[in-house]
Amino acid sequence: MPNDVSFVPKILLCGDEAKFLSKIGDRPFKIVGHAKIAGEVDGQKFDFVQDNKIFFNGKLQDLPALIKFLQSNGADYFLFTSLYELAAFRNNAYKRGYLSSQVGTLDQLKASPPFFYDAAADFRILPYLKSVEIKTLLDVDSYFAQGRVFTKWDNDLTEIDAISEKPLPPITENIYTRVYKNFADVGLKHYDAALIIERPPIEFDSMIAFLENVADTIITFVRMGSELERHIYDIADSFGDVYGLRGGAVNWHFIKYRKPPEDFCTYVVTYKNIKLAEPPEGYKIIQAGRAPNGDFGYPGDDTGDNISRLNLYLNEITALYWFWKNTTHTTIGLCHYRRFFTESEDISYSYDKILTREAALKILERYDIIVSELYFGSLTQREWIVNDCGEQLTSLAEAILRKHILQAQPDYLESFEYVLNSSTLYKCNLFITRRNVLDAYCKWLFSFIIDATEEILRRIDLASFPFSPRRLIAFFVERMLTVWLRKNRLRIKELKIMFIEGL
C-alpha cells in the first residue's frame, strides 16, 4: 500500500513571494491568494493587532472571514515568510479564540509529510481512540510514524500496528506494537479499526472494500470541504454509522461497516447414533461419514460438494469440508458430540456450561479464533502416532504428506516438521472462528490432504486394519490446525474442553 498520496496544498501567502519561491524547493504547491496583516488599502490604514482587519481576496476582512475561508477549503495553509508577522498574528488570533495548524511557516510546510498533514491532528485522535474504546488499530499508511508524536499520547489502551515497506525510526516502537512490511504479513489478524490517509474518492472506495475483513471501522482524516469529505457524506447511508471528530485543518471521520445479523453455527460432529439432548442455540448436529456408515437421522456430510466417502480415514474433517463448501455462516465452529468448549473451571459435563453463542461472539470481538487449551504431553506428536499406528505406517504416511505439503504449501513444511517433533498440540480439531479465517484454513488444508490421503490409500489397504491404525491419516490431520496456526498471526483464545463421559 502507498505511504503517500499526491497532494498539492493551496496556500494563502502573507509575505514576499520571491522569498517563498526561493525556499520552497520541489515541494508541490499552489498560491491561491496573498494577504497582509498591516498596511494601507485605498488610503485606509489597517493593523490586525489593533483593529482585527486582514487584507486578502482583494479586500479588507476580519478574522472570522479568514477562518471561514480556510475552513471552507479556500486554502489549506495560511503561510508567513516573516516569523515576526507570524508571531503577531498568532498571538492576537489566539486572544480572539483562534489557533490552527493551518497557520505556519514555509519551513513547517516543508517538514510535513508529502500527504496533507495537520500538526495537531495526532494530538486529537490518539486520546479520542481511548474514549471510544478502540483496542486494536492498524495504521495502514504508517501515518503516526510521519507525524509529531512519539508515544500513544494519553492512550494506554489501544494496541497500534503499522504497515511500512521502509524501516521506521526506533522511537516509533513507543507508538507501534508491530510493524509489517505489507498486508501479506498482517495475515488474518482482525482489528477494531484501520486508519488510512486521505485518498481520491475512487481509491478510497477501493481501500474500504479491501479492508472490510480487516477491521470493523475505517478512520481517515479529511480536509474540510474537500472532494473526499463530500464523497463520504454522499455514501454515508451505505455504512452502519459515520461520525466525525472535528477541529483544526482536518476532520477525522469514523466509518463503521454495516454488518448483517450474525449467522452463528457450531457443528456438533457425530459418527454414530447417540442419545444427545438438543444442543444450545447456534449449535447443530451433523453426522460425519453418512455416505459409508448409513443415515442415523441427522443432517449429514454426504450432500453437495463432499468427501464423506473418506470419513473412515479422515474422521471429523469430512464434516469440516462439507460445511466449508456448503454453508455461508459468518461465524462457524466445530466440536464433538462429547467434547464442547466451556468457560467454566469445572469441566465435568453440564448442559448449562456449554459455551453459548453470545459468549463465543463476545470472545471473537477480541480474538480471531477459539481453540482448545494447548496440550503438553510427555511424547512428541510423531511418537503419539507411532504408538497408535506403528513405525512403518507412520513413516510411510509422513513421507507422503511431506511430499504433498512440499508441492502445495512449501512454506509450511518447516512448521509441519516442528509440530511433529513437539510435545504441544491444539487437540481434536475443535475451533470457533469467523468465516474468512475458516476459508483460509480449509483452503490450505484441503490443498494437499485429499491428494495425500488418496495416495496413501493406493499404497496401503487401511480399511483392513484395526480401528486405531485405520485412523492413521486422521492422527496427522489432528496436528494440522496447530501447524497452520503456528504460521499465521491470529489472536488465539484457548478454552477448556468439557468431556461427556460414556458416549
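Numbers for the structure displayed
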read-out: Unmet criterion (only one of (1) over 16 Å from residue 320 (Cβ atoms); (2) touching a helix residue (DSSP H, G or I) at 6+ places or on another chain (Cβ under 7 Å); (3) surrounded by 15 or more Cβ atoms within 10 Å (Cβ to Cβ)) for residue 480; value: (1)
read-out: Any chance residue 441 is buried (at least 19 other Cβ atoms within 10 Å of the Cβ), assigned to a helix (DSSP H, G or I) and in contact (Cβ under 8 Å) with a residue 40 or more places away in the chain; value: yes
read-out: Cβ pairs under 8 Å, 6+ apart, first in segment 57-70 and touching a residue at least 24 places away in the same chain (Cβ under 8 Å), second assigned to a helix (DSSP H, G or I) and surrounded by 17 or more Cβ atoms within 10 Å (Cβ to Cβ); value: 57/69; 63/48; 63/93
read-out: Among (1) surrounded by fewer than 16 Cβ atoms within 10 Å (Cβ to Cβ); (2) at pLDDT 90 or above; (3) not charged (D, E, K, R), the one test that residue 48 misses; value: (1)
read-out: Looking only at segment 32-81, and only at residues there that are small (Gly, Ala, Ser) and in contact with a helix residue (DSSP H, G or I) (Cβ under 9 Å, 6 or more places away or on another chain), the one that is farthest from residue 112 (Cα to Cα); value: 38
read-out: Single match in 498, 480 (criterion: under 18 Å from residue 371 (Cβ atoms), among the hydrophobic types (A, V, I, L, M, F, W, C) and over 26 Å from the mean Cα position of the chain (by Cα)); value: 498
read-out: Only one of 485, 481, 490 that is touching a residue at least 24 places away in the same chain (Cβ under 8 Å) and either over 18 Å from residue 425 (Cα atoms) or not in a helix (DSSP H, G or I) (or both); value: 490
read-out: Which listed residue, of 405, 456, 450, is in a helix (DSSP H, G or I), of a type in the set (Val, Ile, Thr) and within 14 Å of residue 475 (Cα to Cα); value: 456
read-out: Single unsatisfied condition, residue 410 versus (1) at positive phi; (2) free of Cβ contacts under 8 Å to residues at least 60 places away in the same chain; (3) not acidic (Asp, Glu); value: (1)
read-out: Filter result for residue 83 (over 23 Å from residue 246 (Cβ atoms), surrounded by 13 or more Cβ atoms within 10 Å (Cβ to Cβ) and among the aliphatic types (A, V, I, L, M)); value: no
read-out: Within segment 106-121, tally of residues that are at pLDDT 80 or above and buried (at least 18 other Cβ atoms within 10 Å of the Cβ); value: 2
read-out: Residue count, segment 263-303 (criterion: more than 30 Å from residue 217 (Cβ to Cβ), surrounded by fewer than 17 Cβ atoms within 10 Å (Cβ to Cβ), in contact with a strand residue (DSSP E or B) (Cβ under 8 Å, 6 or more places away or on another chain) and modelled with pLDDT of 90 or more); value: 2
read-out: Segment 379-432, subset of a type in the set (Val, Ile, Thr) and under 30 Å from residue 283 (Cα atoms), residue surrounded by the fewest Cβ atoms within 10 Å (Cβ to Cβ); value: 424
read-out: Helices (runs of 4 or more DSSP H) enclosed by segment 26-114 - at least 1 residues per element that are on the phi > 0 side of the Ramachandran plot and aliphatic (A, V, I, L, M); value: none
read-out: Options 470, 491: the member that is surrounded by fewer than 21 Cβ atoms within 10 Å (Cβ to Cβ) and either over 39 Å from the mean Cα position of the chain (by Cα) or within 21 Å of residue 269 (Cα to Cα) (or both); value: 470
read-out: Hits in segment 26-38 - residues which are of a type outside the set (A, V, I, L, M, F, W, C) and surrounded by 13 or more Cβ atoms within 10 Å (Cβ to Cβ); value: 27, 33, 34, 36
read-out: Filtered residues of segment 63-78 (kept if among the aliphatic types (A, V, I, L, M) and surrounded by 20 or more Cβ atoms within 10 Å (Cβ to Cβ)); value: 66, 70, 75
read-out: Elements of type helices (runs of 4 or more DSSP H) in segment 316-392, at least 3 residues being under 30 Å from residue 292 (Cα atoms); value: 317-326, 381-389
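The values are calculated or read from the model by the stated rules, or taken from the named source; none is laboratory data. The model shown is predicted, which means the values in this text are computed figures rather than measured ones. Using ideal geometry, Cβ is built from the backbone for each residue, glycine included, and neighbour counts are taken over all protein chains shown.
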